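Below is one structure; the comments refer to it alone.
Bear in mind that the values in this text are calculations on the coordinates, not laboratory data. Here the structure is a predicted model, which means the values were calculated and not measured. Cβ coordinates were reconstructed from backbone atoms using ideal geometry, including for glycine residues, and neighbour counts include every protein chain displayed.
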Amino acid sequence: MEKNIEQKLERVLTGPKFDRRIRIRNFKDRFARYGISFGGISVITAVLLIMFFLVYVVAPLFTSATVEKHSTFNLPGSTQDETLYYGIDEYKESAVRFTESGQLIGFNLNNGHVITEESLPLNGAKITSFSIVDESQNMLAFGLSDGAFLVAQYDYKVTYPNDVKTILPEIKYPFGEEPVEMANGAISKIALRLSDDSLVVAYQEQGLTQIQVKSYTAESSFLDDSLMLSEEGEAEFEPKVDVAHVLLDGSMRNLYLVSKSGETDYYDLSNIESPELIQQVSLLSQNDSISTIRFLLGDYSLMIGTEQGFVYQWFPVRNQDSVFQLQKIRQFKSSNSPIAMIAIEHARKGFATIDQAGQFDLFHSTSERHLDSFEVDPKGLSFVSIMPRANGVLLETKSGKILTYNVENEYADVSFKSLWGKVWYEGYEEPSYTWQSSSASSDFEPKLSMMPLTFGTIKAAIYSMLFAVPIAILAAIYTAFFMDTKTRQWIKPSVELIEALPTVILGFLAGLWLAPMMEANLSGFFAILIVVPVGILLFGFGWSRLPKSIRLLVPEGKRTLLMIPVVFLLGYFAMSMDKPLENTFFNGDMRHWLTYSAGIDFDQRNAMVIGFAMGFALIPTIFSVAEDALYNVPRYLINGSLALGASSWQTMVGVVLPTASPGIFSAIMLGFGRGVGETMIVLMASGNTPLMDVNIFEGMRTLSANLAVEMAEAEVYSSHYRVLFLSGLALFVFTFFFNTLAEIVRERMRRKYSSL
Amino acid sequence: MKSWFNKGEHWIWFSASAVSISVVLVFGLLAMIAYKGLLHFWPHNVYDYQVSHSNGQIEQVVGELHDTKLKLVVDEEDSTIVHEVPEYLIKTGNRDVYGIDFKWINSRDLNEGATTVADKITVIERYQWGNVYGYLESLTVNGETIATGEEVEPVLQDLAEKGTALHEKIHHIEKTVMGGINYKIEALRLEQKKLESEDEYDAKTEAEFETKRAALNKEFVELQASMQILHDKADSLGEVTLTIAGNQKITVKIKQVVRFWQPNNMSLLSKVGFFFSSIGNFLTEDPREANTEGGVFPAIVGTVTMVLLMTILVTPMGVLAAIYMSEYAKDGPVLRLVRISINNLAGVPSIVFGIFGLGFFVYILGGSIDDLFYGYAAPSPVFGTPGLLWASLTMALLTLPVVIVSTQEGLSRIPRSLREGGLALGATKLETITRIVLPMATPAIMTGLILAIARAAGEVAPLMLVGVVKLAPALPIDFNAPFIHLENKFMHLGFHIYDVGFQSPNVEASQPLVYATSLLLVVIIVSLNLGAIMIRNRLRERYKSLGN
């Protein structure tokens, strides 16, 4: 019988069938090993990919511009005739060269073939002065030898004959082809600005020293869509300086008369009939002189190129007396040769320079970046123009060639300094940290400073930690050390339940219930901070005076239950103190008192609301980890201390806390990490204004809330988009760092416990 | 006393109170949400206030009392005395007549004893323009008055039920049947575009498409005709005229009536009945009036679909990674580093996952999918825009650390002896894992999953970027093949709270609804969490016996 089984077993466990089964099993096992390893590793990599993806998106922000030569060809038209302006289409296909003799030569930008040739309707006069009215609209003004001026605009038409995209340049004359009569003699200097319905022009006649200003109103004509000008006001005055440049800014109110050496008269044209000299200033240091001067995009900042190779940016700034004064903002330097010309971008505050030595330089003003620099032609350059989408430049050499370059320079407006340092933005009174990512106007200077957001993030986290840490740590101490097991069993999950509450609900309650309530009962909330601790103290002391029989009803481990109604009543009492307190100390309304008597700004959704609401959300994180650390302190240490006669609190302070301090530290770190990243509560209850103010009664905007607000509408792969990713990366790195720190500290502590 | 302080007794009291404060806060909060949320469903009494104005006129204000605030008024004779005067926020309804739903009245302006419970007042909930508060006057059908005064109520009851039935029918045809046809027509259009882009759209297929389209269009027109009949039927139900405060008359078409009730004349039992039917409506109806009225059904469906999809995605990923890390990977500094990193990912702000989802899933992955497969649909994106799939994937990534950590913990709790036993009996490693280790770790995996689901259900910030919208035109799951539409945008309970609470034009009116939605979300999440805790406790007991 036994042998029979053995034989059966033998038969089953040997033979090809069995071998095959084993083989299949082993194959499955091996397959699974590789499969699981592969799957596991890919999941882990995918998860870790997040960080690399953030870096991948952010990285292009800090790359320099790349400039590549695209084409070279001979200058279309006469080389003797000086170039005044190049109008270039957005597709980089064609351009029109405006020359001093009034020639308009349209040519292909890839090969230099001339497409069109015409000339300005000058009525036999000569161009004696030239001014750019609006660079992004390609609007130009010409002052003529017969005292008239002509406004012309470059435009282009896209057509598709035979399904081939063809771009044809077009020249428009918004005020008609007839030059507008203005002065008697030739106009040697002109500055002209245009708004929807008015036109202001400042000019100087040849041979005269006076400056004339005239304003016109523009009305659309009945016959065609051209505009009719009718004169409205004029003035004439004697400048204090030897005028070399006449510049009128985009607001049509500020007129700058600049001499060769940089002496400047700053006139206010608010009243066109009586221009007011408000400042006389020298734009340059001694023994330097101006080689070229123009406005940056937006026609607010003056860009001054000098003989010594500097570029200075000046703009009017309101001083303490509310008077605008020209002020030097920043300077750029690239070469030692005189700056020959400055060209500006059409949509950003970027500019390019060429110098006498033939060097080309690319800058961005707000971010103060020097993006590229190279020598083009040692014989020198005569003209530079940036293409409308800032994706190319056109250079004209003195030897009669045109060079075009492709430029990749998407993120010029962001630099480390503009992200983290103070930047003096146009129209601001001083350098500041500002976040203002978008605006309706097209020549808007984006203000992408991370400082207010980082500040807001830390402010929100710190105020909420102020509320959460004491409560969470004290609660952890009691729960771990004093509380009896039975109570602990339900108390711990109850406190941890907070973690499960969706933050959107906490945010909603904070924003729509707590914030208005706090505003109405401000002194009540402050009373809580005093009434509750004092009340607890008195109650505790009173309890110790009670007869033993009553005291023993509630053992030390159940005091929490006793305190629940006490705390509730104390809170209620403090809130009911609100009215009497406000009446006694704050004339009946603390909020009113704060704003008008104490001069403290008050927002309904402020840091105090955030402190309470987010602090509440942080309690379980801190509590849970700290409680764990305290609870796991080896029992014999405690017993030893108690046996030596220490009271239970003395044991707590002398033995348990020092042993568990790393755990408590990591609990606080974890809480801080969570506070930094919390989004919904801050989004809903902080007001979201990017302020930098520690005031507890004012709101803030945090990095995370800013992401939630702006991410969806940021244009993909724009600077704004990448800066938002940068703030995401900052959040990631920040929380990752704090969490790792906490984790390492805890790991150490665990090892210490196991060795004790 | 000194010794009391020396012994640190006061600190023990403080620490005990800190626990109490936390407990009071948690349960206070939950109680408040529950109270305010449930209050939304209860039929409130409607009061009649007589407000006298400074010019001697007396205005009648009828409505529900919503809020009371104390306003400080300086005494007219002695400016040092400040009186507290209660002000009442009254929901007066009748938005189409008054312009707004709410009115503040000052208790000082109330005529003495003029606050009465309005007898026989009727509240009508309408599909548009909110509630009507008024006294039933008459009921006309086709210009004929068929009931006046006391008789109106039973007739109205009857007609309103008919109206509701019709409304449901119309709604069904509109959403499901017509929606289905529209879906097919759209699919046909895309199919044609696709063929055109591949140059395979010849005359034969064109004819085929045309017949299909004609058939669908015909069906559509027929449906429209039958809809018209239903609409006419609904129109012919008649209209009811009510007298509202200020002796104005308001006429409400029966087809506009969602339901009506007379709160002041309801018995407690019928109030309870109303309460539960309100809850039912809230859970099953579509939102109305820019989400500020009606139910949250699409948001529930959206949340559940997203969470289920996320669970399907996160389970294999999380379990696989955890098994690899604890069973296969070689222990060493690299593994420790990976483990810490994954642990820490759980603490990375959710919004960071949101921007990752938007930047990577939507723009890069979705964009590539569109380029590869949906080039014919350009320029309108299919997957290159936020949607259900990307939201679920983002949430899966967000909750992955939770699942991995929890599964790993479960795996590490299984005694080594069990694995060794399995191996010693000749089982391969795979067999040991699938037959012994995994079944025993199921509770841990379940715990992890439930926690993940709870987190995903409550998380809003990342979803705002990757697919949640305030009002989705269609549900993400319906009866049109393929039944689940991964590219659709969807609604979500959490976002609903944010949107209605903060973005709606009528915050005051919608607050009760937000409380109700919050309550629903809290109930879902707290019960999920309690489930996880129970499973965890049971699991611990099980291994306690194993350990011995």
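Give me the distance between the Cα centres of the range A:708-724 and the range B:81-101, rounded to whole Å. About 43 Å separates the Cα centre of the range A:708-724 from the one of the range B:81-101. Entry note, the protein assembly as shown: the mean residue ellipticity at 222 nm calculated from DSSP H runs of n ≥ 4, each adding -39500 (n - 2.57), is -15000 deg cm²/dmol after division by the residues and rounding to the nearest 500. Positive end of the dipole of the protein assembly as shown (Cβ unit charges, origin at the Cα centre): among B:373, B:442, A:708, the Cα lying farthest that way belongs to B:442. Summary of the geometry: the range A:409-480 and the range B:282-347, compared by the centres of their Cα atoms, lie 30 Å apart.
Spacing of the modelled spin labels on residue B:70 and residue A:597, each 7 Å from Cα toward Cβ, amounts to 1.8 nm.
Classify chain A as rounded, prolate or oblate from the Cα gyration tensor: take a ≥ b ≥ c as the square roots of its eigenvalues, call it rounded if a/c is under 1.5, otherwise prolate when a/b beats b/c and oblate if not.
The shape class here is oblate.
Here residue B:184 is the anchor, and the lysines within straight C-alpha reach of less than 27 Å, apart from those fewer than 8 places off in the same chain, are B:169, B:175, B:193, B:194, B:204, B:212, B:218, B:470, B:489. Across chain B, C-alpha contacts under 8 Å between residues 6 or more apart give a mean separation that, scaled by the residue count, equals a relative contact order of 15 percent.
Taking Cα atoms only, the orientation of helix B:9-39 departs from the longest principal axis of chain B by about 60 degrees. Mean per-residue shielding of peptide A:534-547 is 3, counting Cβ atoms of other chains within 10 Å of each Cβ.
Relative to the longest principal axis of the Cα atoms of chain A, the long axis of helix A:657-677 makes an angle of roughly 40 degrees.
A protection proxy built from the mean count of other Cβ atoms within 10 Å ranks the segments B:275-288, A:414-427, most packed first, as A:414-427, B:275-288. For peptide A:563-574, the mean count of partner chain Cβ atoms within 10 Å of a residue's Cβ comes to 4. For peptide A:33-42, the mean count of partner chain Cβ atoms within 10 Å of a residue's Cβ comes to 6. Listed cross-link partners A:328/A:349; B:69/B:103; A:92/A:349; A:349/A:398 are compared with a 23 Å cut-off, the Cα-Cα value being larger for A:349/A:398. Dipole orientation for the range B:47-121: of the candidates B:55, B:90, B:100, B:100 has the Cα lying most toward the positive pole (charges on Cβ; Lys, Arg +1; Asp, Glu -1). Across the cross-link table entries A:459/A:752; A:333/A:417; B:120/B:271; A:172/A:401; A:172/A:214, which are compared at the Cα atoms, the separations over 25 Å belong to A:459/A:752; A:172/A:401.
Under 20 Å of direct C-alpha separation, and excluding same-chain neighbours fewer than eight residues apart, residue B:7 reaches these lysines: A:548, A:558. Within the same chain, lysines fewer than 8 places from residue A:240 are excluded, and of the rest, those with a Cα less than 18 Å from its Cα are A:189, A:260. How many angstrom lie between the C-alpha centres of the range A:336-408 and the range A:151-224? First find each Cα centre; the distance between them is then 26 Å. Relative to the longest principal axis of the Cα atoms of chain B, the long axis of helix B:438-458 lies at roughly 40 degrees.
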